[in-house]
Structures are given as structure tokens and as C-alpha cells.
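Asks: Mind looking over this structure? Questions follow.
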Amino acid sequence: LPELVTREDIRGDLQTHSTYSDGAFSIEEMVQGAIELGYEYLAITDHSKRVTVANGLDEKRLAEQIEYIERLNEKYPDFKILKSVEVDILEDGSLDLPDDVLKELDIVLCSIHYNRNLSREKQTERVLRAMDNPHFNILAHPTGRLIGSREAYEIDIYRVMEEAAKRGCFLEINSHPERLDLTDTNAKMAKELGLKVPISTDAHTIDNLNNIRHGVSQARRGWLEKRDVLNTYPWKELQALLKR
Ligand SMILES: [Zn+2]
């Protein structure tokens with residue numbers, strides 16, 4: 001066995017939600033939770049407007065959040081709050097927010113929440129088209145499965161990974177106990193393609209940040225080492241890895 005990634009290697013969480021969308025705690029409370037865990041950075045990835053049930057952000061509210069995070073970063077000089085969003089991939093592969101807002105962010109997560117029932121070919125093309133957007137960084141919960149209640153949608157995950165590697169994009173391991181998506185075998189596939197994998201919690205509460213251990217276990221089952229995991233790198237190195 002290789003020397004597998006551990007919980008202690010994780011320097012930050014790259015998917016979390018706040019009261020700006022459907023999270024239960026304020027950005028500052030989430031930041032304090034992350035500091036408690038010994039993290040160096042935290043991405044605030046609230047939903048975009050398409051997800052109306054989650055009070056998703058339009059361009060105006062996201063711009064307000066960006067400004068707020070910039071001010072909050074001054075209050076926490078030893079910690080980095082990453083300006084981010086979980087933007088919906090629309091049915092035609094376009095993103096739910098315009099480029100001039102996305103370009104202000106440190107990291108852009110993209111995900112599918114609607115139109116899950118497309119054919120394998122159409123779903124794959126949809127994601128590849130989204131990845132053509134130069135602001136696309138991470139595909140969140142890449143197959144959409146919910147353990148015990150919803151199958152993964154039809155998608156050619158190998159092709160998506162190959163193209164992600166070419167474009168400098170990434171696919172996450174979502175640590176939520178019902179998701180664990182990527183699967184262990186998909187995580188190993190990513191490693192074999194030379195793709196680093198972020199492990200994120202998708203936390204909607206402070207306590208959810210602890211779910212990171214489930215994601216780390218998933219990564220270990222996929223034989224990922226510290227260097228294979230995106231959020232084991234300090235922010236400056238991570239920032240360079242995100243450059244497309
Ligand atoms: Zn999501």
C-alpha cells in the first residue's frame with residue numbers, strides 16, 4: 001500500500017454553505033469552526049440562483065458576499081476565507097452566473113442539481129461544455145448519487161476525468177455520508193490519470209465540518225496519498241494548482 005492521506009494532512013475545506021443560501025450558520029461562525037479544526041482556509045460555496053429552494057445567490061447577492069468576505073479576511077489575518085460559489089450547470093452546459101462575477105472568485109465549484117435524467121452522452125457533453133468555461137475549477141458531487149435513495153446519473157466519468165486533466169479542472173470527493181461521491185474506485189481512477197482530488201464536506205452546519213473524516217476514508221480506499229489531495233496544499237500552492 002502507498003502512504004495514504006490522513007485527516008491531519010487536510011488544510012482546509014473546499015465546499016461549505018452559509019446562511020447566504022441554505023446553510024444554518026453565518027460565514028463567520030463557519031470560519032470559527034474551521035479554525036477550531038486547525039484549518040488554514042475555508043471556501044464559502046453557497047448555491048447559485050437556479051437553486052431557488054436553497055435561496056441561491058444571484059449576481060448582486062454574490063457580489064455583496066464577496067465584499068463581505070474581503071472585509072472579514074481583514075479580521076482574520078492568519079486565516080484565508082476563499083470567495084467561492086457552488087454554481088449550477090444548466091441543461092445546455094452553461095453556468096448559472098455570468099463570467100464577470102465568477103472571475104472575482106478564488107475558486108469555482110460547479111454542480112448538477114437539475115435535469116439528472118439526460119442520456120449518458122448528453123450528460124457527459126453537458127459537463128464537458130461547462131468545463132470549457134475558463135472559470136470552472138471543481139465538479140462537485142460528480143455523479144449525484146445519494147446512498148440508499150438515488151442512483152448516480154448516467155455519465156462517462158472516465159471521459160470527464162480525462163478532459164478535466166487536459167483543462168486543469170478537478171472532481172471532488174464529497175464527504176457527506178449520503179454522497180461519498182466520487183466512489184473509492186473513481187478516486188483511484190483519478191489518481192491513475194494524474195488528477196488531484198479535493199476532499200470537501202459540503203457542510204451546512206459547523207458540526208458537518210467533521211464529516212471530512214468520511215471523505216478521507218473514501219480517499220484512502222481509493223489509495224490516495226497526501227500529494228494526490230488538493231486541499232493538503234497550503235493556499236498559495238493550491239492557488240497555483242487552480243490556475244488553468
Ligand atoms: Zn450541491
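Asks: All but one of (1) open to solvent by 10 Å² or more (accessible area, probe 1.4 Å); (2) under 18 Å from E59 (Cα atoms); (3) not small (G, A, S) hold for C110; which doesn't?
Replies: (1)
Asks: Another one. Considering only the range 47-62, how many residues are open to solvent by less than 70 Å² (accessible area, probe 1.4 Å), within 13 Å of the ligand (Cβ to nearest atom) and not in a loop (DSSP other than H, G, I, E, B)?
Replies: Within the range 47-62, residues that are open to solvent by less than 70 Å² (accessible area, probe 1.4 Å), within 13 Å of the ligand (Cβ to nearest atom) and not in a loop (DSSP other than H, G, I, E, B) number 3.
Asks: Can you pull out every residue in the range 32-43 that is in contact with a strand residue (DSSP E or B) (Cβ under 6 Å, 6 or more places away or on another chain) and either without any contact (Cβ under 8 Å) to a residue 24 or more places away in the chain or away from the ligand (no atom under 14 Å from the Cβ) (or both)?
Replies: A34, Y39, E40, Y41, L42
Asks: Spot the failing condition for Y114; the list is (1) under 14 Å from the mean Cα position of the chain (by Cα); (2) within 14 Å of the ligand (Cβ to nearest atom); (3) more than 17 Å from V160 (Cβ to Cβ), and only one is missed.
Replies: Going through the list (1) under 14 Å from the mean Cα position of the chain (by Cα); (2) within 14 Å of the ligand (Cβ to nearest atom); (3) more than 17 Å from V160 (Cβ to Cβ), Y114 breaks only (1).
Asks: When you check R126 against the structure, is it in contact (Cβ under 8 Å) with a residue 24 or more places away in the chain, in contact with a strand residue (DSSP E or B) (Cβ under 7 Å, 6 or more places away or on another chain) and either open to solvent by 10 Å² or more (accessible area, probe 1.4 Å) or of a type in the set (K, R) (or both), yes or no?
Replies: yes
Asks: Next question, about the same structure. Any residue at all in the range 178-201 that is among the small types (G, A, S), open to solvent by less than 30 Å² (accessible area, probe 1.4 Å) and in contact with a His (Cβ under 8 Å, 6 or more places away or on another chain)?
Replies: no
Asks: Among the residues of the range 78-107 satisfying the criterion of being away from the ligand (no atom under 16 Å from the Cβ) and in a strand (DSSP E or B), which is most open to solvent (accessible area, probe 1.4 Å)?
Replies: Checking each candidate, the answer is K80.
Asks: Follow-up question, since we're still on this one. Need the failing condition index for L72 against (1) surrounded by 23 or more Cβ atoms within 10 Å (Cβ to Cβ); (2) within 15 Å of S18 (Cβ to Cβ), just the number.
Replies: L72 satisfies every listed condition except (1).
Asks: Among the residues of the range 209-237 satisfying the criterion of being without any contact (Cβ under 8 Å) to a residue 24 or more places away in the chain and over 14 Å from T6 (Cα atoms), which is most open to solvent (accessible area, probe 1.4 Å)?
Replies: Once the filter is applied, the top-ranked residue is K236.
Asks: Residue under question is E67, and the condition is that it be without any contact (Cβ under 8 Å) to a residue 40 or more places away in the chain, more than 21 Å from A130 (Cβ to Cβ) and part of a helix (DSSP H, G or I); does it hold?
Replies: Answer is yes for this residue.
The values are calculated or read from the model by the stated rules, or taken from the named source; none is laboratory data. Predicted, not measured: the structure shown is a model, and the values here were computed from it. Don't worry about glycine lacking a Cβ; one is built from the backbone with ideal geometry, like all the others, and counts go over all protein chains shown. We work out accessible area using only protein heavy atoms, side chains counted, and drop any ligands, DNA or RNA first. Shrake-Rupley method; radii C 1.70, N 1.55, O 1.52, S 1.80 Å.
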